[in-house]
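Structure below; questions to follow.
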Amino acid sequence: MSESVTVRPLETPCPVCAHTLAVPFFAGGQQPLATLGWPQSGDEALAMPRLPLDFVQCPRCSHVWNTAFRYDAVPYRSQPNRMYNNGRIWQGHLAETRDRLLSYLPPVPTVVEIGCGDGHFLRALAEARAGQGDYIGFDPNSSPETGQGVRFQARLFEPLRDVPLFLPDAVVIRHVLEHLTAPAMLLEQLAWAVAQSGKVCHLFAEVPCIDRVFGSDRLADFFYEHVSHFTGDSFRHLLARAGSLREVAHGYDGEVVYACVELGVAPAHTARAAAAAAFAQRSVANRARIAEKLAALHALGARVAIWGGTGKSAAFIHHYALDAERFPLVVDSDAAKAGTFVPGTGQQIYFRDQLKAQPVDVVIIPTQWRAGDIVAEMAREGIVTGQVLIEHGGDLVDFFAGTHPYRQRPAA
Ligand SMILES: [Zn+2]
């Protein structure tokens, strides 16, 4: 099929893969809620507010979503999401899903279901295991009766808090992700929480699938409550963000797509997170140490100049709290910067020649990578000082006598 059309990409980030451009897909106009409205009379139905349907598609991962969706416009708290679960073929699908999930579980499992609704799926799991295990359903808008191994919490599941609390063997999310504006956030939080718990935990997710829309041009799939419309590819893309995909497949004649993921985080990512936490911790001690050394220099009566007063040099002045009272002298190689002032602290910036008339004991060069050039400039200009200090390894280091990687000579 060759259609001649004009593609007009829009700037809107994909909730699945974060691609920044999307293409208009279906302009549905203004429509009332389709599944969570529950008007009580014909008049009420006619008077329902209209909400915008502006579906776009991500050219990268194929996801379709409503860019005009606002979560606040959907009355989840006052209206239950009544999913019809009694069709015979659908019942068969549910039973298959239950059995597939059970095949991944230990004999006495702990299972959490996020957005469990009336709890029918969780109860089916518990029954299949004769009540052996712990089955916990979370849903802020539903509080079914607890009993027979199944308990319910009328609140949102918060992965970083609740995974260590319940240590589930499996997390189930069925027909929920398509309602979320930021589904990746929930999945990545689950992955991190499980990685930190050290326990093996599988995620079982299922959503309606629109793969058949593309061949059939059908439009009834698109309504307000489903902000996200998953294709097989976009669902796979999303789930891959949560760990190692064990299984992705279509069910119910291609109308749903489900996946099993072993939740977790790539070792390189956990290593980077650990390194970041260590950096953050060191930065506090390093900052205090250097600020203290600088304060000691001032207390000893040393005449100090800071070489550079903008950009990284200004950042140095800010990080180590070098106020204009204790450290008034700031110079720069760039004559054009002379007469300007250091942002935030207010030292006037002088041309470097100021150091010929006003010699100092210590020159601090916040831009270590330029120190070689600056030291050469000082020698060339006959600027003499007792010591040149740079910041390295959480300390102030003597440029000439200390150990640091910034001593290379500039190319001739
Ligand atoms: Zn995408």
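Return the residue satisfying two criteria in turn: it lies in the range 45-59 and is under 13 Å from A34 (Cβ atoms) and aliphatic (A, V, I, L, M), and of such residues it is farthest from the ligand (Cβ to nearest atom).
Here the answer is A45.
Taking the condition of being open to solvent by 10 Å² or more (accessible area, probe 1.4 Å), within 38 Å of the chain's Cα centre (by Cα) and hydrophobic (A, V, I, L, M, F, W, C), how many residues in the range 290-315 meet it?
Adding up the residues that qualify gives 2.
Search the range 53-64 for residues that are aromatic (F, W, Y) and pair each with any residue that is open to solvent by less than 10 Å² (accessible area, probe 1.4 Å) and more than 10 Å from the ligand (Cβ to nearest atom) when their beta-carbon atoms are under 6 Å apart and the residues are at least 6 apart or on different chains.
Close Cβ pairs (under 6 Å, with a partner that is open to solvent by less than 10 Å² (accessible area, probe 1.4 Å) and more than 10 Å from the ligand (Cβ to nearest atom)) amount to F55/N66.
Shifting gears a bit: Within the range 344-369, track down each residue that is in contact (Cβ under 8 Å) with a residue 40 or more places away in the chain, touching a helix residue (DSSP H, G or I) at 6+ places or on another chain (Cβ under 9 Å) and not polar (S, T, N, Q).
If the condition is that a residue be in contact (Cβ under 8 Å) with a residue 40 or more places away in the chain, touching a helix residue (DSSP H, G or I) at 6+ places or on another chain (Cβ under 9 Å) and not polar (S, T, N, Q), then I349, R352, L355, D361, V362, V363, I364, I365, P366 are the ones that fit.
Okay, next question. Condition check: open to solvent by less than 30 Å² (accessible area, probe 1.4 Å), at pLDDT 95 or above and aliphatic (A, V, I, L, M). Does V64 satisfy that?
yes
For E113, which of the numbered conditions (1) of a type in the set (D, E, K, R); (2) within 22 Å of E247 (Cβ to Cβ); (3) open to solvent by less than 50 Å² (accessible area, probe 1.4 Å); (4) modelled with pLDDT under 95 fails to hold?
The single condition E113 does not satisfy is (4).
List the strands (runs of 3 or more DSSP E) inside the range 187-279, counting only whole elements, that have at least 1 residues being open to solvent by less than 50 Å² (accessible area, probe 1.4 Å) and within 16 Å of the ligand (Cβ to nearest atom).
Result: 202-208, 256-263.
Within the range 158-179, how many residues are open to solvent by less than 40 Å² (accessible area, probe 1.4 Å) and not in a helix (DSSP H, G or I)?
Qualifying residue count for the region: 9.
Output the number of the condition that V7 fails; it satisfies all remaining conditions of (1) in contact with a Gly (Cβ under 8 Å, 6 or more places away or on another chain); (2) within 16 Å of the ligand (Cβ to nearest atom); (3) more than 20 Å from S228 (Cβ to Cβ).
Checking V7 against (1) in contact with a Gly (Cβ under 8 Å, 6 or more places away or on another chain); (2) within 16 Å of the ligand (Cβ to nearest atom); (3) more than 20 Å from S228 (Cβ to Cβ), the one that fails is (1).
Hey, among P359, P343, which residue is out of contact with any Cys (no Cβ under 8 Å at 6 or more places or on another chain), surrounded by fewer than 19 Cβ atoms within 10 Å (Cβ to Cβ) and farther than 19 Å from L322 by Cα?
Result: P359 is the single residue among P359, P343 that is out of contact with any Cys (no Cβ under 8 Å at 6 or more places or on another chain), surrounded by fewer than 19 Cβ atoms within 10 Å (Cβ to Cβ) and farther than 19 Å from L322 by Cα.
What pairs can you find where one residue is in the range 252-280 and in contact (Cβ under 8 Å) with a residue 60 or more places away in the chain and of a type in the set (F, W, Y), the other is open to solvent by less than 50 Å² (accessible area, probe 1.4 Å) and assigned to a helix (DSSP H, G or I), and their Cβ atoms are less than 8 Å apart, with a gap of 6+ or different chains?
As it stands, the answer is Y252/W90; Y252/H93; Y258/T97, since those pairs meet every condition given.
The values are calculated or read from the model by the stated rules, or taken from the named source; none is laboratory data. The structure displayed is predicted, hence computed values, not measured ones. Quick reminder, even Gly has a Cβ in these numbers, built from the backbone with ideal geometry, and neighbours come from all protein chains shown. Just so you know, the surface numbers come from the protein's heavy atoms only, side chains and all, with ligands and any DNA or RNA stripped out. Shrake-Rupley method; radii C 1.70, N 1.55, O 1.52, S 1.80 Å.
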